[in-house]
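The values are calculated or read from the model by the stated rules, or taken from the named source; none is laboratory data. Model, not experiment: these values are computed from the prediction. Neighbour counts are summed over all protein chains in view; Cβ atoms, including those assigned to glycine, are modelled from backbone coordinates with ideal geometry.
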Amino acid sequence: MNYEFLKIEKIDSICILTISAEKSLNALNSRILTELDDFLSNVESDTSGLIITGAGDKAFVAGADISEMCNLDGEGGRKFGQFGSEVFAKIENLPIPVIAAVNGFALGGGCELAMACDIRIASSKAKFGQPEVGLGIIPGFSGTYRLPRLVGLGYAKELIFSGKAIRADEALRIGLVNKVVEPEVLIDEALALAKQIAEKSASAVALAKLSINSEYNCSIEKAISMESQNFGKCFENNDQKEGMSAFLNKRNPEFTDKVQF
Ligand code: CO8
């Protein structure tokens, strides 16, 4: 598929995906969601990390495209919401770490996109919010699910009910982002973290992501069972043998496992 709104750059094994619809502050229309869906279904197998950011210095993503949503009926709204949520779930289920480099407004669907990523690094100029109730709707790309899990029920309800936007430092305080950096170093910071992770065992990182995601809402009994299954799988991989042998022989490991996309 030819991408009209996605720019893709590869630095070593790290992919930087830029959502590029600067005129509308990178608002997500169905074409962009379709391109994202296609991209996420065809990630190159040698990719060890993905960074998602927005074009320009003003917005990460200023939400779903209001001009496209304004004439939807109930069924159209349900379908649009479901499609966006399914695309974002693909991000969550990718077997590689996904870092949101939030360079500006992350509102509505933009905040939801950032939350579907594993880790969020924000520019000090970023602003976060779920302004949907001011438009007569609710978050529709899984924001009512992910926001309470990231910041707790109280802050999630405050943000979603009030629709207010918060600054990056406030987002850091409530746990919505992992780190706040100056805008000029945002991509470098995201790249440095992605590279740090890429030095580890790709198969172990993939199994760690799978474990964390699948156990998050389970009972401790079920989580113990799932974690031990995934822990066991590590011992069927070459990287476990290499990692432990390297430690015991006081050398750096050379990991070779590839992940299945
Ligand atoms: N959709 C469409 N166009 C947008 C959007 C958007 N979300 N955000 C900005 N734009 C456009 C503006 O219309 C404007 O276009 P034009 O130049 O043609 O007039 C251009 O981008 C620049 O925007 P502004 O002139 O408004 O820039 P400001 O600096 O004055 O303001 C803001 C920046 C504060 C970000 C402002 O643009 C704004 O409030 N945008 C809307 C933010 C918003 O409400 N986002 C949530 C949308 S709803 C949503 O995301 C729900 C997700 C789930 C959907 C489920 C489907 C059922």
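Some observations on this one:
- For residue 230: the one exception among (1) surrounded by fewer than 16 Cβ atoms within 10 Å (Cβ to Cβ); (2) free of Cβ contacts under 8 Å to residues at least 40 places away in the same chain: (1)
- In the stretch 188-210, the residues that are among the charged types (D, E, K, R) and outside any helix (DSSP H, G or I): 199, 200
- Of all residues in the stretch 35-51, those satisfying the criterion of being surrounded by 15 or more Cβ atoms within 10 Å (Cβ to Cβ) and away from the ligand (no atom under 16 Å from the Cβ) are 35, 39, 40, 43, 47, 48, 49, 50, 51.
- When the test is whether a residue is crowded, with 16+ Cβ neighbours inside 10 Å and either farther than 30 Å from residue 152 by Cα or modelled with pLDDT under 95 (or both), residue 243 passes it.
- Meets criteria (under 19 Å from residue 88 (Cβ atoms) and in contact (Cβ under 8 Å) with a residue 24 or more places away in the chain) for residue 19: yes
- Answer from 104, 109 - the residue that is touching a residue at least 40 places away in the same chain (Cβ under 8 Å), closer than 18 Å to residue 189 by Cα, within 10 Å of the ligand (Cβ to nearest atom) and crowded, with 24+ Cβ neighbours inside 10 Å: 104
- Some residue of the stretch 61-84 being in a strand (DSSP E or B), within 16 Å of the ligand (Cβ to nearest atom), within 18 Å of the chain's Cα centre (by Cα) and closer than 30 Å to residue 199 by Cβ: yes
- Residue match in the stretch 214-226 (condition: farther than 14 Å from residue 50 by Cα, surrounded by 15 or more Cβ atoms within 10 Å (Cβ to Cβ) and among the basic types (Lys, Arg)): no
- Listed by first and then second residue, the pairs with beta-carbon distance under 8 Å, at least 6 apart or on different chains, first residue in the stretch 24-41 and among the acidic types (Asp, Glu), second assigned to a loop (DSSP other than H, G, I, E, B) and at pLDDT below 95, are 35/1; 38/1.
- Residue 1 satisfies every condition listed in (1) in contact with a helix residue (DSSP H, G or I) (Cβ under 8 Å, 6 or more places away or on another chain); (2) within 16 Å of the ligand (Cβ to nearest atom); (3) farther than 25 Å from residue 191 by Cβ except (2).
- Residues that are acidic (Asp, Glu), surrounded by fewer than 24 Cβ atoms within 10 Å (Cβ to Cβ) and within 12 Å of the ligand (Cβ to nearest atom), drawn from the stretch 112-146: 132
- Going through (1) surrounded by fewer than 23 Cβ atoms within 10 Å (Cβ to Cβ); (2) more than 15 Å from the chain's Cα centre (by Cα) one by one, residue 32 falls short only on (1).
- When restricted to residues that are over 17 Å from residue 54 (Cα atoms) and either in contact with a Gly (Cβ under 8 Å, 6 or more places away or on another chain) or touching a residue at least 12 places away in the same chain (Cβ under 8 Å) (or both), the stretch 171-195 contains 10.
- Unique match (being polar (S, T, N, Q) and on the phi > 0 side of the Ramachandran plot) among 162, 142: 142
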